[in-house]
Amino acid sequence: MEKVTPQDLLKMGLGAMFIAKEKVEKLIDESIKQGEISKEQGEEFLSKLKKEISEKSEEVDKKIKEEIHKQLKELGLATKEDIASLRREITALKKAIEEKK
């Protein structure tokens, strides 16, 4: 059985949200056609829905990145930030050595 990664979960969740959004859009269109709601009400609802989906997507993305960062630390693997910091230190040390020559 294939292991499910946090990125896979994110993709599945976002896919489900977009499918739900499409269904809601169709329901709103039908409600407008049947006169149950005004076009403005439908557009306002969709605007709020899109904003909420975007916010939730960003929130989930942030949580996944935090979890990945945490797992990398627990495994003792270097992050991009760790490597960049080491490069800066090496550059500073090389410069200090050159100045002492």
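The values are calculated or read from the model by the stated rules, or taken from the named source; none is laboratory data. These numbers come from a predicted model, not from an experiment. Cβ: placed from backbone, ideal geometry, glycine included. Neighbour counts: every protein chain shown.
Given the conditions (1) in a helix (DSSP H, G or I); (2) over 13 Å from the mean Cα position of the chain (by Cα), and given that residue 11 satisfies all but one, which numbered condition is not satisfied?
Only one criterion in (1) in a helix (DSSP H, G or I); (2) over 13 Å from the mean Cα position of the chain (by Cα) is unmet by residue 11, namely (2).
Being surrounded by 10 or more Cβ atoms within 10 Å (Cβ to Cβ), on the phi < 0 side of the Ramachandran plot, of a type in the set (D, E, K, R) and not in a helix (DSSP H, G or I) narrows it down to one residue among 44, 25, 36, 30; which is it?
Being surrounded by 10 or more Cβ atoms within 10 Å (Cβ to Cβ), on the phi < 0 side of the Ramachandran plot, of a type in the set (D, E, K, R) and not in a helix (DSSP H, G or I) holds for just one of 44, 25, 36, 30, which is 36.
It is to be established whether one or more residues within segment 42-53 are closer than 25 Å to residue 5 by Cβ, out of contact with any Gly (no Cβ under 9 Å at 6 or more places or on another chain) and not aromatic (Phe, Trp, Tyr).
yes
Of all residues being among the acidic types (Asp, Glu) and under 26 Å from residue 66 (Cβ atoms) in segment 1-22, which is surrounded by the most Cβ atoms within 10 Å (Cβ to Cβ)? Just the residue, please.
Taking the candidates together, the pick is 8.
Just to be sure, is residue 59 within 20 Å of the chain's Cα centre (by Cα) and under 30 Å from residue 77 (Cα atoms)?
In short, yes.
Every residue, every condition in (1) at positive phi; (2) modelled with pLDDT under 90; (3) part of a helix (DSSP H, G or I); (4) surrounded by 12 or more Cβ atoms within 10 Å (Cβ to Cβ), yes or no:
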position	(1), (2), (3), (4)
40	no, no, yes, no
57	no, yes, yes, yes
60	no, yes, yes, yes
66	no, yes, yes, no
72	no, yes, yes, yes
78	no, yes, no, yes
83	no, no, yes, no
88	no, no, yes, no
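Six or more apart or on different chains, Cβ atoms under 8 Å: show the pairs whose first residue is in segment 49-66 and under 11 Å from residue 21 (Cα atoms) and whose second is surrounded by 12 or more Cβ atoms within 10 Å (Cβ to Cβ) and of a type in the set (Val, Ile, Thr).
Listed pairs, sorted by first residue: 49/24.
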